[in-house]
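J.: Let me begin by handing over the structure; questions about it come next.
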Amino acid sequence: GTGVYAIVPVRVAGERAYRDVSGRCALDMDGLAYCWGNNAFGQLGNGGGPSRAEPTPVLTDQRFVEIASNLNTCALTATDEVWCWGPN
């Protein structure tokens with residue numbers, strides 16, 4: 001949440017608990033996706049806008065079981081559907 005490079009591990013801001021994390025995104029205990037960091041190309045899945053220092057909800061009510069994030073982010077549903085967002 002500081003915007004400063006961390007050369008040692010630091011805790012992600014906020015009070016939410018997560019069960020899966022990859023890169024800049026994580027799934028909370030209910031399977032909802034949250035992302036943080038640079039948002040220049042829609043990587044946060046929140047419809048664009050500024051970069052975020054704290055986890056921000058991805059704009060979908062879809063629940064996921066796994067998430068993978070690098071430049072793009074993709075997440076898998078319990079029914080094996082894949083949803084992706086970011087610079088394509």
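J.: So, with +1 on the Cβ of K and R and -1 on the Cβ of D and E, and no other charges, what is the size of the charge dipole of the chain about its Cα centre, to the nearest 20 debye?
T.: Taking the Cα centre of the chain as origin, the dipole is about 320 debye.
J.: Here's a follow-up. Ordered by residue, what ³J(HN,Hα) values in Hz, to whole numbers, does segment 38-55 give under the Karplus form 6.51 cos²θ - 1.76 cosθ + 1.60, where θ = phi - 60° and Gly and Pro are x?
T.: Rounded to whole hertz, the list is 5, 10, 4, 10, x, 4, 7, x, 10, x, x, x, x, 5, 10, 7, 10, x.
J.: Could you list the chymotrypsin sites (Phe, Trp or Tyr not before Pro) in segment 20-78 that lie in coil according to DSSP, counting only those with at most 16 other Cβ atoms within 10 Å of their Cβ?
T.: Listed in order of number, the matching sites are Phe41.
J.: Bin by bin, in steps of 5 Å, what percent of the Cα pairs in the chain do you find, going until the bin that has the longest distance?
T.: 3, 15, 27, 26, 18, 8, 2, 1
J.: Can you tell me how much longer the chain between Val65 and Arg16 gets when fully stretched, taken as 0.36 nm per residue apart minus their C-alpha distance, in nm with one decimal?
T.: Extra length available between Val65 and Arg16 comes to 16.0 nm.
J.: How about the chain: which trypsin sites (Lys or Arg not before Pro) there are in a DSSP loop, with at most 11 other Cβ atoms within 10 Å of their Cβ?
T.: Here the trypsin sites (Lys or Arg not before Pro) that fit, given the DSSP loop and packing criteria, are Arg11.
J.: I'd like the Karplus ³J(HN,Hα) series for segment 14-27: coefficients 6.51, -1.76, 1.60, θ = phi - 60°, whole numbers in Hz, and an x wherever there's a Gly or Pro.
T.: Those phi angles translate into x, 10, 6, 8, 10, 10, 8, 9, 8, x, 9, 10, 8, 9 Hz.
J.: When the accessible area of the chain is computed with all protein chains present and a 1.4 Å probe, what percentage of it is carbon and sulfur? Mind dumping the intermediate values first?
T.: Details: 3070 of 5690 Å².
Carbon with sulfur: 54 percent of the solvent-accessible area.
J.: What whole-number value in Å² describes the accessible area per residue of segment 1-82 for a 1.4 Å probe?
T.: Per residue, segment 1-82 has an accessible area of 64 Å².
The values are calculated or read from the model by the stated rules, or taken from the named source; none is laboratory data. The structure presented is a predicted model; accordingly, all values stated were derived computationally and were not measured. Heads up, the Cβs are rebuilt from the backbone with ideal geometry, glycines too, and the neighbour counts pull from every protein chain shown. Protein only, heavy atoms only, side chains kept; ligands, DNA and RNA dropped before computing areas. Shrake-Rupley method; radii C 1.70, N 1.55, O 1.52, S 1.80 Å.
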